[in-house]
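For reference, the structure discussed in these notes is given below.
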Amino acid sequence: MIPVTAPLNVLKANPLEIVRIASDRPSAAEITSNHGEDIVWGLTQNPKSIPPKYFYDDRGSDLFEQICELPEYYPTRTEAAILAQYAGEIAQITGPSELVELGSGSSSKTRLLLDAYQGLGHPSMYVPIDVSGGILEASAKQLAQEYPGLHIRGLVGTYEQALLHLPPTKFASRVIIFLGSSLGNFPPEECDRFFEEIHIALREEDYFLLGVDLQKPHHILEPAYNDAQGVTAEFNLNMLSHLNWRFGGNFNLNLFSHEAIYNQEASQIEMYLNCHKSHQVRLEKLDFTVQFSAGESILTEISRKFDFAHKQEYLKDRGLKLVKAWTDPKEWFGLLLCQK
(Lines give C-alpha, C1' and ligand atoms only; values in the text may rest on other atoms or scores of the structure.)
Protein backbone atom coordinates (compact mmCIF):
# COMPACT_ATOMS: atom_id res chain seq x y z
CA MET A 1 0.00 0.00 0.00
CA ILE A 2 1.10 3.59 -0.66
CA PRO A 3 2.10 5.58 2.44
CA VAL A 4 0.39 8.94 2.99
CA THR A 5 2.65 11.95 2.54
CA ALA A 6 0.63 14.25 0.27
CA PRO A 7 -1.41 16.99 2.02
CA LEU A 8 -5.17 16.64 2.03
CA ASN A 9 -7.07 18.63 -0.57
CA VAL A 10 -10.64 19.14 0.71
CA LEU A 11 -13.47 20.27 -1.57
CA LYS A 12 -16.54 21.16 0.52
CA ALA A 13 -20.15 21.54 -0.63
CA ASN A 14 -22.22 21.08 2.49
CA PRO A 15 -23.48 18.44 3.25
CA LEU A 16 -21.02 16.88 0.79
CA GLU A 17 -17.24 16.98 1.04
CA ILE A 18 -14.55 15.15 -0.90
CA VAL A 19 -11.15 14.59 0.70
CA ARG A 20 -8.29 13.73 -1.63
CA ILE A 21 -5.80 11.76 0.42
CA ALA A 22 -3.64 11.12 -2.64
CA SER A 23 -3.64 12.84 -6.03
CA ASP A 24 -5.06 10.95 -9.01
CA ARG A 25 -2.13 12.34 -11.03
CA PRO A 26 0.82 12.68 -8.64
CA SER A 27 3.74 14.98 -9.35
CA ALA A 28 7.10 13.58 -10.45
CA ALA A 29 8.46 14.21 -6.93
CA GLU A 30 5.56 12.31 -5.35
CA ILE A 31 6.02 9.40 -7.74
CA THR A 32 9.73 9.20 -6.98
CA SER A 33 9.22 9.37 -3.23
CA ASN A 34 6.21 7.19 -2.55
CA HIS A 35 4.50 5.87 -5.68
CA GLY A 36 5.24 2.96 -7.93
CA GLU A 37 7.52 0.84 -5.76
CA ASP A 38 4.92 -1.92 -5.90
CA ILE A 39 4.99 -1.78 -9.72
CA VAL A 40 8.78 -2.14 -9.85
CA TRP A 41 8.67 -4.94 -7.30
CA GLY A 42 5.88 -6.81 -9.09
CA LEU A 43 7.44 -6.59 -12.54
CA THR A 44 10.76 -7.93 -11.26
CA GLN A 45 9.18 -11.07 -9.77
CA ASN A 46 8.75 -14.45 -11.41
CA PRO A 47 5.98 -14.60 -12.46
CA LYS A 48 5.47 -10.87 -12.99
CA SER A 49 2.50 -9.21 -11.29
CA ILE A 50 0.73 -5.85 -10.98
CA PRO A 51 -1.37 -4.95 -7.90
CA PRO A 52 -5.11 -4.92 -8.74
CA LYS A 53 -5.55 -1.39 -7.35
CA TYR A 54 -4.11 -0.19 -10.71
CA PHE A 55 -7.28 -1.38 -12.44
CA TYR A 56 -9.09 1.63 -11.05
CA ASP A 57 -8.37 4.80 -12.90
CA ASP A 58 -11.60 6.49 -14.01
CA ARG A 59 -11.84 4.37 -17.17
CA GLY A 60 -11.20 1.17 -15.23
CA SER A 61 -13.88 2.06 -12.70
CA ASP A 62 -16.38 2.69 -15.50
CA LEU A 63 -15.52 -0.66 -17.08
CA PHE A 64 -15.96 -2.46 -13.78
CA GLU A 65 -19.43 -0.94 -13.44
CA GLN A 66 -20.20 -2.42 -16.87
CA ILE A 67 -18.87 -5.82 -15.76
CA CYS A 68 -21.28 -5.78 -12.83
CA GLU A 69 -24.19 -5.62 -15.29
CA LEU A 70 -23.03 -8.53 -17.47
CA PRO A 71 -25.19 -11.68 -17.58
CA GLU A 72 -22.20 -13.91 -16.72
CA TYR A 73 -21.17 -11.84 -13.70
CA TYR A 74 -23.34 -13.25 -10.92
CA PRO A 75 -21.66 -11.67 -7.80
CA THR A 76 -23.21 -8.19 -8.03
CA ARG A 77 -26.82 -9.22 -8.59
CA THR A 78 -26.58 -12.08 -6.08
CA GLU A 79 -25.18 -9.86 -3.33
CA ALA A 80 -27.69 -7.12 -4.19
CA ALA A 81 -30.55 -9.62 -3.81
CA ILE A 82 -29.30 -10.58 -0.33
CA LEU A 83 -29.04 -6.91 0.64
CA ALA A 84 -32.50 -6.16 -0.76
CA GLN A 85 -33.94 -8.87 1.48
CA TYR A 86 -31.98 -8.15 4.65
CA ALA A 87 -30.94 -4.46 4.60
CA GLY A 88 -33.78 -3.60 6.99
CA GLU A 89 -32.57 -6.21 9.46
CA ILE A 90 -29.00 -4.87 9.22
CA ALA A 91 -30.20 -1.31 9.87
CA GLN A 92 -32.31 -2.50 12.80
CA ILE A 93 -29.37 -4.35 14.40
CA THR A 94 -26.82 -1.53 13.98
CA GLY A 95 -29.10 1.45 14.69
CA PRO A 96 -28.18 5.05 13.76
CA SER A 97 -24.75 4.68 12.20
CA GLU A 98 -21.88 6.15 10.25
CA LEU A 99 -21.49 3.94 7.17
CA VAL A 100 -17.92 3.66 5.84
CA GLU A 101 -17.67 1.81 2.52
CA LEU A 102 -14.36 0.52 1.16
CA GLY A 103 -14.20 0.50 -2.66
CA SER A 104 -17.55 2.26 -2.99
CA GLY A 105 -17.57 2.68 -6.80
CA SER A 106 -21.03 3.85 -7.86
CA SER A 107 -22.49 2.98 -4.41
CA SER A 108 -25.35 1.18 -6.18
CA LYS A 109 -25.82 -1.59 -3.59
CA THR A 110 -25.29 0.85 -0.72
CA ARG A 111 -28.53 2.59 -1.66
CA LEU A 112 -30.35 -0.48 -0.36
CA LEU A 113 -28.78 0.12 3.04
CA LEU A 114 -29.38 3.88 2.95
CA ASP A 115 -33.04 3.28 2.10
CA ALA A 116 -33.32 0.85 5.02
CA TYR A 117 -31.83 3.31 7.53
CA GLN A 118 -34.11 6.08 6.26
CA GLY A 119 -37.09 3.74 6.40
CA LEU A 120 -36.46 3.18 10.11
CA GLY A 121 -35.94 6.89 10.70
CA HIS A 122 -32.29 6.32 11.60
CA PRO A 123 -29.95 9.24 10.85
CA SER A 124 -26.76 8.21 9.11
CA MET A 125 -23.57 9.52 7.59
CA TYR A 126 -21.94 7.94 4.54
CA VAL A 127 -18.18 7.82 4.01
CA PRO A 128 -17.45 6.32 0.55
CA ILE A 129 -13.81 5.39 -0.14
CA ASP A 130 -12.37 4.75 -3.60
CA VAL A 131 -9.05 5.16 -5.42
CA SER A 132 -10.88 6.62 -8.42
CA GLY A 133 -11.67 10.27 -7.69
CA GLY A 134 -13.85 10.61 -10.78
CA ILE A 135 -16.37 7.89 -9.96
CA LEU A 136 -16.37 8.77 -6.25
CA GLU A 137 -17.18 12.44 -6.87
CA ALA A 138 -19.87 11.61 -9.44
CA SER A 139 -21.59 9.04 -7.22
CA ALA A 140 -21.30 11.24 -4.10
CA LYS A 141 -22.96 14.17 -5.89
CA GLN A 142 -25.75 11.90 -7.13
CA LEU A 143 -26.31 10.52 -3.62
CA ALA A 144 -26.42 14.04 -2.18
CA GLN A 145 -29.32 14.79 -4.54
CA GLU A 146 -31.13 11.52 -3.81
CA TYR A 147 -30.69 11.71 -0.02
CA PRO A 148 -30.84 15.41 0.91
CA GLY A 149 -30.54 14.78 4.66
CA LEU A 150 -27.47 12.56 4.33
CA HIS A 151 -24.01 13.97 5.08
CA ILE A 152 -21.40 12.49 2.73
CA ARG A 153 -17.64 12.64 3.26
CA GLY A 154 -15.87 10.93 0.35
CA LEU A 155 -12.25 9.85 0.71
CA VAL A 156 -10.13 9.43 -2.45
CA GLY A 157 -7.32 6.98 -1.71
CA THR A 158 -6.45 3.38 -0.90
CA TYR A 159 -8.14 1.45 1.89
CA GLU A 160 -5.09 1.81 4.12
CA GLN A 161 -4.83 5.56 3.52
CA ALA A 162 -8.53 6.14 4.15
CA LEU A 163 -8.73 4.03 7.30
CA LEU A 164 -5.87 6.08 8.74
CA HIS A 165 -7.80 9.30 8.02
CA LEU A 166 -11.17 8.35 9.51
CA PRO A 167 -12.05 11.05 12.06
CA PRO A 168 -13.88 10.13 15.29
CA THR A 169 -17.55 9.52 14.55
CA LYS A 170 -20.36 11.35 16.35
CA PHE A 171 -22.65 8.38 15.88
CA ALA A 172 -23.19 5.66 18.45
CA SER A 173 -22.12 3.10 15.87
CA ARG A 174 -19.72 2.90 12.93
CA VAL A 175 -20.27 0.24 10.27
CA ILE A 176 -17.36 -0.47 7.91
CA ILE A 177 -18.76 -2.02 4.73
CA PHE A 178 -16.71 -4.18 2.34
CA LEU A 179 -18.92 -5.61 -0.40
CA GLY A 180 -18.41 -7.39 -3.71
CA SER A 181 -16.05 -10.01 -2.28
CA SER A 182 -13.17 -7.59 -2.89
CA LEU A 183 -11.53 -9.38 0.03
CA GLY A 184 -10.86 -12.21 -2.43
CA ASN A 185 -8.31 -10.00 -4.22
CA PHE A 186 -6.01 -10.18 -1.18
CA PRO A 187 -3.58 -13.09 -0.78
CA PRO A 188 -3.69 -14.59 2.74
CA GLU A 189 -0.85 -12.53 4.24
CA GLU A 190 -2.29 -9.27 2.86
CA CYS A 191 -5.71 -10.29 4.12
CA ASP A 192 -4.29 -10.65 7.63
CA ARG A 193 -2.79 -7.13 7.46
CA PHE A 194 -6.09 -5.74 6.18
CA PHE A 195 -7.98 -7.08 9.19
CA GLU A 196 -5.40 -5.59 11.53
CA GLU A 197 -6.21 -2.19 9.96
CA ILE A 198 -9.96 -2.84 10.24
CA HIS A 199 -9.59 -3.77 13.90
CA ILE A 200 -7.76 -0.49 14.60
CA ALA A 201 -10.38 1.57 12.73
CA LEU A 202 -13.28 0.08 14.72
CA ARG A 203 -14.19 0.98 18.30
CA GLU A 204 -15.58 -1.60 20.70
CA GLU A 205 -19.11 -2.58 19.62
CA ASP A 206 -18.67 -1.11 16.10
CA TYR A 207 -19.69 -3.28 13.13
CA PHE A 208 -18.09 -4.76 10.02
CA LEU A 209 -20.28 -5.87 7.09
CA LEU A 210 -18.50 -8.20 4.66
CA GLY A 211 -19.61 -9.72 1.36
CA VAL A 212 -17.83 -12.91 0.24
CA ASP A 213 -18.06 -14.98 -2.93
CA LEU A 214 -18.44 -18.65 -2.04
CA GLN A 215 -16.89 -21.73 -3.62
CA LYS A 216 -18.74 -23.18 -6.60
CA PRO A 217 -18.06 -25.17 -9.81
CA HIS A 218 -15.57 -23.77 -12.35
CA HIS A 219 -18.18 -23.77 -15.13
CA ILE A 220 -19.99 -21.01 -13.21
CA LEU A 221 -16.86 -19.14 -12.11
CA GLU A 222 -14.78 -18.95 -15.29
CA PRO A 223 -17.43 -17.35 -17.56
CA ALA A 224 -17.90 -14.58 -14.97
CA TYR A 225 -14.32 -13.45 -15.72
CA ASN A 226 -14.31 -14.27 -19.45
CA ASP A 227 -17.50 -12.58 -20.63
CA ALA A 228 -18.67 -12.98 -24.21
CA GLN A 229 -18.69 -9.21 -24.85
CA GLY A 230 -15.02 -8.84 -23.89
CA VAL A 231 -15.61 -6.16 -21.24
CA THR A 232 -13.44 -7.97 -18.68
CA ALA A 233 -10.66 -8.27 -21.26
CA GLU A 234 -10.85 -4.51 -21.87
CA PHE A 235 -10.84 -3.90 -18.12
CA ASN A 236 -7.74 -6.05 -17.69
CA LEU A 237 -5.85 -4.40 -20.57
CA ASN A 238 -6.82 -0.94 -19.36
CA MET A 239 -4.48 -1.51 -16.44
CA LEU A 240 -1.58 -1.07 -18.87
CA SER A 241 -3.08 2.19 -20.17
CA HIS A 242 -3.31 3.37 -16.56
CA LEU A 243 0.37 2.62 -16.02
CA ASN A 244 1.24 4.43 -19.25
CA TRP A 245 -0.32 7.76 -18.21
CA ARG A 246 0.48 7.45 -14.54
CA PHE A 247 4.14 6.50 -14.87
CA GLY A 248 5.06 7.65 -18.40
CA GLY A 249 5.01 4.11 -19.78
CA ASN A 250 5.00 2.76 -23.31
CA PHE A 251 3.06 -0.50 -22.93
CA ASN A 252 1.67 -1.61 -26.30
CA LEU A 253 -1.71 -3.12 -25.48
CA ASN A 254 -1.77 -4.99 -28.80
CA LEU A 255 1.06 -7.19 -27.54
CA PHE A 256 -1.01 -8.56 -24.63
CA SER A 257 -4.26 -10.49 -24.25
CA HIS A 258 -6.58 -11.31 -21.36
CA GLU A 259 -6.96 -14.72 -19.75
CA ALA A 260 -8.81 -15.83 -16.61
CA ILE A 261 -8.65 -19.36 -15.18
CA TYR A 262 -9.93 -21.05 -12.04
CA ASN A 263 -7.22 -22.59 -9.87
CA GLN A 264 -9.13 -25.42 -8.21
CA GLU A 265 -6.38 -26.24 -5.72
CA ALA A 266 -6.17 -22.67 -4.41
CA SER A 267 -9.93 -22.00 -4.82
CA GLN A 268 -9.26 -18.80 -6.74
CA ILE A 269 -9.76 -17.17 -10.11
CA GLU A 270 -6.44 -15.96 -11.56
CA MET A 271 -6.46 -13.19 -14.15
CA TYR A 272 -3.48 -12.72 -16.47
CA LEU A 273 -2.19 -10.54 -19.28
CA ASN A 274 -0.34 -12.82 -21.68
CA CYS A 275 2.53 -11.39 -23.74
CA HIS A 276 2.70 -12.45 -27.41
CA LYS A 277 6.04 -10.97 -28.47
CA SER A 278 9.41 -10.36 -26.80
CA HIS A 279 9.87 -6.66 -26.19
CA GLN A 280 10.96 -4.02 -23.68
CA VAL A 281 8.79 -1.57 -21.72
CA ARG A 282 9.96 1.68 -20.18
CA LEU A 283 8.23 3.46 -17.26
CA GLU A 284 9.93 6.82 -17.48
CA LYS A 285 8.68 8.38 -14.23
CA LEU A 286 9.94 5.36 -12.29
CA ASP A 287 13.24 5.24 -14.21
CA PHE A 288 12.49 1.57 -14.78
CA THR A 289 12.80 -0.72 -17.82
CA VAL A 290 11.45 -4.27 -17.95
CA GLN A 291 11.94 -7.04 -20.52
CA PHE A 292 9.05 -9.27 -21.60
CA SER A 293 9.41 -12.61 -23.35
CA ALA A 294 6.89 -14.13 -25.75
CA GLY A 295 4.58 -16.42 -23.79
CA GLU A 296 5.25 -14.67 -20.48
CA SER A 297 2.29 -13.62 -18.30
CA ILE A 298 1.51 -10.86 -15.81
CA LEU A 299 -0.74 -11.84 -12.91
CA THR A 300 -3.13 -8.90 -12.44
CA GLU A 301 -5.69 -10.30 -10.02
CA ILE A 302 -6.64 -13.23 -7.86
CA SER A 303 -10.22 -13.63 -6.72
CA ARG A 304 -10.39 -16.15 -3.91
CA LYS A 305 -13.62 -18.06 -3.29
CA PHE A 306 -14.42 -18.77 0.33
CA ASP A 307 -15.89 -21.46 2.53
CA PHE A 308 -18.65 -19.73 4.51
CA ALA A 309 -18.12 -21.51 7.84
CA HIS A 310 -14.33 -21.17 7.66
CA LYS A 311 -14.58 -17.43 6.97
CA GLN A 312 -16.77 -16.97 10.05
CA GLU A 313 -14.11 -18.67 12.20
CA TYR A 314 -11.40 -16.55 10.58
CA LEU A 315 -13.23 -13.34 11.51
CA LYS A 316 -13.80 -14.54 15.07
CA ASP A 317 -10.07 -15.21 15.45
CA ARG A 318 -9.44 -11.55 14.50
CA GLY A 319 -11.71 -10.08 17.13
CA LEU A 320 -14.81 -9.78 14.96
CA LYS A 321 -17.71 -11.69 16.50
CA LEU A 322 -20.37 -12.85 14.07
CA VAL A 323 -23.72 -11.18 14.73
CA LYS A 324 -25.58 -12.68 11.77
CA ALA A 325 -24.87 -14.25 8.38
CA TRP A 326 -27.04 -14.42 5.27
CA THR A 327 -26.77 -16.16 1.92
CA ASP A 328 -28.81 -16.65 -1.25
CA PRO A 329 -30.90 -19.79 -2.04
CA LYS A 330 -28.09 -21.25 -4.20
CA GLU A 331 -25.46 -20.41 -1.56
CA TRP A 332 -23.32 -18.66 -4.15
CA PHE A 333 -22.62 -15.57 -2.07
CA GLY A 334 -22.53 -14.70 1.63
CA LEU A 335 -23.00 -11.59 3.73
CA LEU A 336 -21.58 -11.44 7.26
CA LEU A 337 -22.31 -8.81 9.91
CA CYS A 338 -19.68 -8.83 12.67
CA GLN A 339 -19.02 -6.73 15.75
CA LYS A 340 -15.74 -5.81 17.42
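The selection criterion, being open to solvent by 40 Å² or more (accessible area, probe 1.4 Å), in contact with a helix residue (DSSP H, G or I) (Cβ under 7 Å, 6 or more places away or on another chain) and either under 21 Å from Phe64 (Cβ atoms) or in contact (Cβ under 8 Å) with a residue 24 or more places away in the chain (or both), holds for Glu197.
For the residues Leu320, Leu255, Leu337, the requirement of being out of contact with any Asp or Glu (no Cβ under 6 Å at 6 or more places or on another chain), hydrophobic (A, V, I, L, M, F, W, C) and closer than 23 Å to Trp41 by Cβ singles out Leu255.
Against the condition closer than 18 Å to Leu179 by Cβ, of a type in the set (A, V, I, L, M) and modelled with pLDDT under 90, how does Val127 come out, does it pass? Write out each step before concluding.
Numbers: closer than 18 Å to Leu179 by Cβ: yes; of a type in the set (A, V, I, L, M): yes; modelled with pLDDT under 90: no.
No: the conditions fail for Val127.
When we screen Arg174, Arg203 for residues that are outside any helix (DSSP H, G or I), open to solvent by 20 Å² or more (accessible area, probe 1.4 Å) and closer than 19 Å to His122 by Cβ, the only hit is Arg203.
Among the residues of the stretch 303-319, not a single one is over 27 Å from Ile261 (Cβ atoms), assigned to a strand (DSSP E or B) and open to solvent by 40 Å² or more (accessible area, probe 1.4 Å).
In the stretch 140-163, the qualifying residues are those that are open to solvent by less than 10 Å² (accessible area, probe 1.4 Å) and over 13 Å from the mean Cα position of the chain (by Cα), and the one that is modelled with the lowest pLDDT is Gln161. Here is a list: Pro75, Pro128. Which entry is touching a Gly at 6+ places or on another chain (Cβ under 8 Å) and in a helix (DSSP H, G or I)? When all the criteria are applied, what remains is Pro75.
Suppose we filter Leu255, Leu299 for residues that are within 24 Å of Pro217 (Cβ to Cβ) and surrounded by fewer than 20 Cβ atoms within 10 Å (Cβ to Cβ); which single one remains?
On the way: Leu255 fails: within 24 Å of Pro217 (Cβ to Cβ).
It is Leu299.
Close contacts from the stretch 243-271, counting a first residue that is assigned to a strand (DSSP E or B) and a second that is of a type in the set (Lys, Arg) and open to solvent by less than 50 Å² (accessible area, probe 1.4 Å), with Cβ to Cβ under 9 Å and a gap of 6+ residues or different chains, come to Tyr262/Lys305; Gln268/Arg304; Gln268/Lys305; Ile269/Arg304; Ile269/Lys305. Of all residues in the stretch 150-171, those satisfying the criterion of being in a loop (DSSP other than H, G, I, E, B), in contact with a strand residue (DSSP E or B) (Cβ under 9 Å, 6 or more places away or on another chain) and closer than 24 Å to Gln118 by Cα are Leu150, Leu166, Pro167, Thr169, Lys170, Phe171.
With the structure loaded, tell me whether Leu183 is more than 26 Å from Leu63 (Cβ to Cβ), in contact with a Lys or Arg (Cβ under 8 Å, 6 or more places away or on another chain), open to solvent by less than 10 Å² (accessible area, probe 1.4 Å) and touching a residue at least 12 places away in the same chain (Cβ under 8 Å) or whether it fails that test. No, not satisfied.
The number of residues in the stretch 258-285 being farther than 23 Å from Glu37 by Cβ, surrounded by fewer than 18 Cβ atoms within 10 Å (Cβ to Cβ) and touching a helix residue (DSSP H, G or I) at 6+ places or on another chain (Cβ under 8 Å) comes to 5.
Residues that are within 18 Å of Ile177 (Cα to Cα), in contact with a His (Cβ under 7 Å, 6 or more places away or on another chain) and either of a type outside the set (A, V, I, L, M, F, W, C) or surrounded by fewer than 16 Cβ atoms within 10 Å (Cβ to Cβ) (or both) do occur in the stretch 76-95. Within the stretch 286-296, the only residue that satisfies the criterion of being open to solvent by 30 Å² or more (accessible area, probe 1.4 Å) and among the β-branched types (Val, Ile, Thr) is Thr289.
The values are calculated or read from the model by the stated rules, or taken from the named source; none is laboratory data. All values derive from a computational prediction rather than experimental measurement. Heads up, the Cβs are rebuilt from the backbone with ideal geometry, glycines too, and the neighbour counts pull from every protein chain shown. Accessible surface is based on the protein model in full, side chains and every heavy atom, while ligands, DNA and RNA are left aside. Shrake-Rupley method; radii C 1.70, N 1.55, O 1.52, S 1.80 Å.
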